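These notes concern the structure reproduced below.
The values are calculated or read from the model by the stated rules, or taken from the named source; none is laboratory data. On a predicted model such as this, the values are computed, not experimentally measured, just so you know. Quick reminder, even Gly has a Cβ in these numbers, built from the backbone with ideal geometry, and neighbours come from all protein chains shown.
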Amino acid sequence: MKKGIVGLALVLLLAGCESGGPAVSKSEMGNLQINVYCPEEMSTAPAEIYLDGVFIGNATGQLPVIHARRGKRVVRVEAAGCKPYEKSITILGEPNHQVLNVYLERQ
């Protein structure tokens, strides 16, 4: 009998009838594309991106888009030899695709 119940629970879980956590609607999330521009002769590769104080990754060709929950967020970009950049932004959610152009300045 226990095997039947476990099997049924597994089928329901795999079929999507039961979730392992709270569901998040696509409308709760938004896309934020961050383009980082450094002064001439400086590379953007070491630029670090933070969202609400949490390190997200380094600015690269593969990481300009962040998927974030809707609402007010703080974006911070840091790079060696440059002044830190910080801006408050409101993530609007799907279907909006937002773009933030960051122009870093020498220290």
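Figures for the structure shown
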{"read-out": "Residue among T44, T60 that is at pLDDT below 85, polar (S, T, N, Q) and over 15 Å from the mean Cα position of the chain (by Cα)", "value": "T44"}
{"read-out": "Count of residues meeting criterion [more than 13 Å from C38 (Cβ to Cβ) and not in a loop (DSSP other than H, G, I, E, B)] in segment 50-107", "value": "27"}
{"read-out": "Residue match in segment 90-105 (condition: free of Cβ contacts under 8 Å to residues at least 60 places away in the same chain and of a type in the set (G, A, S))", "value": "no"}
{"read-out": "Residue selected from segment 82-107 under the condition touching a Leu at 6+ places or on another chain (Cβ under 9 Å) and within 18 Å of A47 (Cβ to Cβ), by the criterion surrounded by the most Cβ atoms within 10 Å (Cβ to Cβ)", "value": "C82"}
{"read-out": "Close pairs (6 angstrom Cβ cut-off, 6 or more residues apart or separate chains): of a type in the set (F, W, Y) in segment 34-50, surrounded by fewer than 18 Cβ atoms within 10 Å (Cβ to Cβ) and modelled with pLDDT of 80 or more anywhere", "value": "Y37/Y103"}
